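Peer 1: Got a structure for you, written out below as structure tokens; questions coming shortly.
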Amino acid sequence: MLPIEQFPVLVVAISLLSALTILLAGWINKKSCFFISLATITFQFILSIFILHHVLTVGTIHYWLGGWRPPWGIEYVVDALNAYVLIIILFLSLLAAIYSKRSVEHEIDEKKLVTFYTLFQLLVTGLAGVVVTGDLFNMYVLLEVCSLAAYALIAVAGGRALKASYNYLVMGAIGVCFYLLGIAFLYSVTGTLNMGDMRLLLPALYGNKGVQLAFVFMFIGLGIKAAFFPLHTWQPDAYTYAPSAITVIISTAMAKASIYALIRIIFSVFTVDFITLFAPIADIISWVAAIAMIFGSILAIAQFNLKRMLAYSSIANIGYIMLGVGLSTSTTLGLTPALMHILNHALMKGCLFMAACGFIYKADLRDIRDLVGLARRMPYTCFAFLLAALSMIGFPPSVGFVTKLYLIFAALDAGKYIFIAVIFFSTLLMIVYFWHVIEIMYIRVEEGGEKEISVTEVPRSMFIPGLVLAFLCFIVGIIWLIGTPMPLMDAINSGLGLGVVP
Amino acid sequence: MSTEKRIQERDVVIQTIAKLMIPFIQLYGLYVMVGTEGAGGGFQGGTVLAASFILLVVAFGVDKGRMKMPEGWNAVFKSLGLYLYAGVGGLLCIIFSLGKAEYLNYCAIPLAKIIGGPATRGFWVGNIVEVGIGVTVMAAFVSIFYDLVRKEEKKEAKE
């Protein structure tokens, strides 16, 4: 039996080996690609559960690659935050992989199947790597691995996806360049690339203009990758035109990995002291996030394309997460609301995109107005969509409700009452656009007349992941309300020095 | 096709020079890759090997190039390089030490008991890891080159 300390590196290394094995196996049998990918991701997911258990019972895992000591060698560090995000990412990747089987056969040229799964596995490698690494430059490399895979995977769909992918490539390249510049600035003053070491060396240099500039660069760079409001311009097109399975994985797992990197840089490399004393950015983040919540929702109302509407809704939800980050320094709840919404949004948006892509799979229904009476034709998919949409609106006891409740607690605790009004207003806007879809699907059944399309339910491998996520939206909501994962949240907050108001 | 043939007939000089140069370029690539004791050189060696192949295609045309190295081999080489680097170089360390040593810790290989840890590290990096990197880099460059060639062929076919 391998010691669990080996698992963080196995999550990345086995995935990388599997990616190139798919390339070889594809030559012998094209059907085997999917199964190798699925088996690998399942294995990774099981490893990640062991990692979380080990982190909670024993403590942080420090893994020195090649046996080199940290400031010189690369170190993988897994603490409570990593382990939590790693499980979310691999779970969503697993469901996206199951979902991909039929949708890929339908959408993608058979010639491209082998390279598709190779890139898919490389994307998962990069995502897992970004999350487990404890080295700034290593994080840049793995961020590039998953970004490059994502650019290619979006472009696989052809047509307008090419332009979307090119936009994403340009924006993403600018983003990682900013991040790299930030690393260069930090390296020039500290001479280290290890996050833990950097955290110890930086406090004496917080007054340095180069360090402050590095913080701004890294924030902007990762903000672009995470599609944080004014930097989101690549996102709606990329989500709309990407192939179904890829929309699911980049809108959930990849967005969450970028947000994780942002949180790690803000609170772990730089500290709470830095952002309260030297770069008072918490208030700015909160206000920009508030604008994002309103702006994303308003633009979502204006959309006719269902996937595009969900993409704008994602911008609003990134706003929710960042509002949690912005408020975290001034409440005793710390990062809890933001961390909750990382999981919650992944569950809800994964389900919604699976349903939306299911409609496209069956009858090429991209426009919301074409969905008339669809609830009778595709009952399971529509039901999953309904549950996730209710959850998004904040129907108790769903996950959306829990996030909003905790964000309101955080805003009350911080004494910033204006954000409560913003949350309520944004919820009202969400009701407008989600109810519009639900009304067309469920209530206007008879009005369609000849426009009603006779389609049947999507294949089982496509609606079951969606239904699983839809039920999880409510089950996880109840688990949050019972408070079972709160020790995990407290462990994360105390690890980052949050949760205590100075 | 006809244009290609004409160009080839005209360029006797290039063909002769290429014939003379390619073996030396490849030898040099191999030397950069494994000839030095110590880390580094895998990427550069792979690039030089790929350059020798590209010279072959430039001089003799893409058809002969496909005969020498079919496109299917690229996938095999890419995977082979990664297996050497991450599999033989990395995972074996964990397997040999039954999970005690870290990933990429070459001291864990049984060879270390005979010639000592640092020497094993140098040997393993110089001869296996660098070859893995070099083979993957070469295959990647050649496949990029083939993709560009295919695009040109399509354009010509349209005209």
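The values are calculated or read from the model by the stated rules, or taken from the named source; none is laboratory data. What you see is a predicted model, and the numbers here were worked out from it, not measured in a lab. Note that we place each Cβ from the backbone using ideal geometry, even for glycine, and neighbour counts take in every protein chain shown.
Peer 1: If we scan the stretch A:35-51, do we find a residue that is at negative phi, hydroxyl-bearing (S, T, Y) and modelled with pLDDT under 90?
Peer 2: no
Peer 1: Look through the stretch A:78-137, keep the residues that are outside any helix (DSSP H, G or I) and charged (D, E, K, R), and return whichever of them is modelled with the lowest pLDDT.
Peer 2: Step by step, filter the stretch A:78-137, then rank; the result is A:D109.
Peer 1: Determine, yes or no, whether A:I4 is facing chain B (nearest Cβ under 10 Å) and either in contact with a Cys (Cβ under 9 Å, 6 or more places away or on another chain) or over 22 Å from A:S461 (Cβ atoms) (or both).
Peer 2: yes
Peer 1: Since A:I46 meets every condition but one in (1) touching a helix residue (DSSP H, G or I) at 6+ places or on another chain (Cβ under 8 Å); (2) in a helix (DSSP H, G or I), which condition does it not meet?
Peer 2: Among (1) touching a helix residue (DSSP H, G or I) at 6+ places or on another chain (Cβ under 8 Å); (2) in a helix (DSSP H, G or I), A:I46 violates only (1).
Peer 1: If B:I94 satisfies every condition in (1) away from every other protein chain (no Cβ under 11 Å); (2) of a type outside the set (D, E); (3) over 21 Å from B:M33 (Cα atoms) but one, which is the exception?
Peer 2: Going through (1) away from every other protein chain (no Cβ under 11 Å); (2) of a type outside the set (D, E); (3) over 21 Å from B:M33 (Cα atoms) one by one, B:I94 breaks only (1).
Peer 1: Testing A:T42 on (1) touching a residue at least 12 places away in the same chain (Cβ under 8 Å); (2) facing chain B (nearest Cβ under 9 Å), one condition comes back false. Which one is that?
Peer 2: (2)
Peer 1: Can you pull out every residue in the stretch A:186-216 that is crowded, with 20+ Cβ neighbours inside 10 Å and hydrophobic (A, V, I, L, M, F, W, C)?
Peer 2: Within the stretch A:186-216, A:L186, A:L193, A:M195, A:M198, A:L202, A:V211, A:A214, A:F215 qualify.
Peer 1: When A:H54 is evaluated against the numbered criteria (1) of a type outside the set (D, E); (2) more than 21 Å from B:V88 (Cα to Cα); (3) in contact with a Phe, Trp or Tyr (Cβ under 9 Å, 6 or more places away or on another chain); (4) outside any helix (DSSP H, G or I), which criterion, by number, is the only one it fails?
Peer 2: Checking A:H54 against (1) of a type outside the set (D, E); (2) more than 21 Å from B:V88 (Cα to Cα); (3) in contact with a Phe, Trp or Tyr (Cβ under 9 Å, 6 or more places away or on another chain); (4) outside any helix (DSSP H, G or I), the one that fails is (4).
Peer 1: So B:S143 passes all but one of these: (1) away from every other protein chain (no Cβ under 14 Å); (2) out of contact with any Gly (no Cβ under 6 Å at 6 or more places or on another chain). Which condition number does it fail?
Peer 2: Every condition holds for B:S143 apart from (1).
Peer 1: For the stretch A:227-246, name all the residues that are hydrophobic (A, V, I, L, M, F, W, C), part of a helix (DSSP H, G or I) and either at pLDDT 90 or above or crowded, with 24+ Cβ neighbours inside 10 Å (or both).
Peer 2: Scanning the stretch A:227-246 gives A:A238, A:A245, A:I246.
Peer 1: Of all residues in the stretch A:11-25, which are more than 8 Å from chain B (Cβ to nearest Cβ) and touching a Leu at 6+ places or on another chain (Cβ under 7 Å)?
Peer 2: Listed by number, the residues that qualify are A:V11, A:A19.
Per-residue answers, yes or no, for (1) of a type in the set (V, I, T); (2) at negative phi; (3) buried (at least 21 other Cβ atoms within 10 Å of the Cβ); (4) more than 14 Å from chain A (Cβ to nearest Cβ):
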site	(1), (2), (3), (4)
B:M67	no, yes, no, yes
B:L80	no, yes, no, no
B:Y85	no, yes, yes, no
B:P110	no, yes, no, yes
B:V131	yes, yes, yes, yes
B:D147	no, yes, no, no
B:K158	no, yes, no, yes
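Peer 1: Looking at (1) within 11 Å of another protein chain (Cβ to nearest Cβ); (2) within 21 Å of the chain's Cα centre (by Cα), which is the only condition A:V78 fails?
Peer 2: With respect to (1) within 11 Å of another protein chain (Cβ to nearest Cβ); (2) within 21 Å of the chain's Cα centre (by Cα), A:V78 is out only on (1).
Peer 1: May I pose another question? Can you name the condition, by its number, that A:H62 falls short on among (1) within 14 Å of another protein chain (Cβ to nearest Cβ); (2) touching a helix residue (DSSP H, G or I) at 6+ places or on another chain (Cβ under 7 Å); (3) at pLDDT 85 or above?
Peer 2: Unmet condition: (2).
Peer 1: Take B:I114 and decide whether it is over 20 Å from A:T125 (Cβ atoms) and either at the interface with chain A (Cβ under 10 Å from one of its Cβ atoms) or surrounded by fewer than 16 Cβ atoms within 10 Å (Cβ to Cβ) (or both).
Peer 2: Yes; evaluated as a whole, the condition is true for this residue.
Peer 1: Going through A:V85, A:V55 one at a time, which residue ends up being touching a strand residue (DSSP E or B) at 6+ places or on another chain (Cβ under 8 Å) and either without any contact (Cβ under 8 Å) to a residue 12 or more places away in the chain or more than 9 Å from every other protein chain (Cβ to nearest Cβ) (or both)?
Peer 2: A:V55
Peer 1: Now for a separate question. Mind listing whichever residues of the stretch A:65-75 are within 9 Å of chain B (Cβ to nearest Cβ) and aromatic (F, W, Y)?
Peer 2: Answer for the stretch A:65-75, where residues must be within 9 Å of chain B (Cβ to nearest Cβ) and aromatic (F, W, Y): just A:W68.
Peer 1: Kindly provide the set of residues from the stretch B:50-65 that are crowded, with 20+ Cβ neighbours inside 10 Å and β-branched (V, I, T), ordered by number.
Peer 2: B:V57
Peer 1: A further question follows. Failed condition for A:Y260, given (1) under 27 Å from A:I87 (Cβ atoms); (2) of a type outside the set (G, A, S); (3) outside any helix (DSSP H, G or I), with all others met?
Peer 2: Of everything listed in (1) under 27 Å from A:I87 (Cβ atoms); (2) of a type outside the set (G, A, S); (3) outside any helix (DSSP H, G or I), A:Y260 misses just condition (3).
Peer 1: Quick one: would you say B:A119 is away from chain A (no Cβ under 11 Å), part of a helix (DSSP H, G or I) and not acidic (D, E)?
Peer 2: It is true that B:A119 is away from chain A (no Cβ under 11 Å), part of a helix (DSSP H, G or I) and not acidic (D, E).
Peer 1: Quick check on my filter: what residues within the stretch A:182-209 are of a type outside the set (A, V, I, L, M, F, W, C), assigned to a helix (DSSP H, G or I) and within 30 Å of the chain's Cα centre (by Cα)?
Peer 2: Result: A:G182, A:Y187, A:G196, A:D197, A:R199.
Peer 1: So B:E71 clears everything in (1) of a type in the set (D, E); (2) in contact with a strand residue (DSSP E or B) (Cβ under 9 Å, 6 or more places away or on another chain); (3) surrounded by fewer than 21 Cβ atoms within 10 Å (Cβ to Cβ) except one condition, right? Which one?
Peer 2: The number of the failed condition is (2).
Peer 1: From the list A:I259, A:I298, A:I249, A:I263, which residue is surrounded by fewer than 22 Cβ atoms within 10 Å (Cβ to Cβ) and touching a residue at least 12 places away in the same chain (Cβ under 8 Å)?
Peer 2: A:I298
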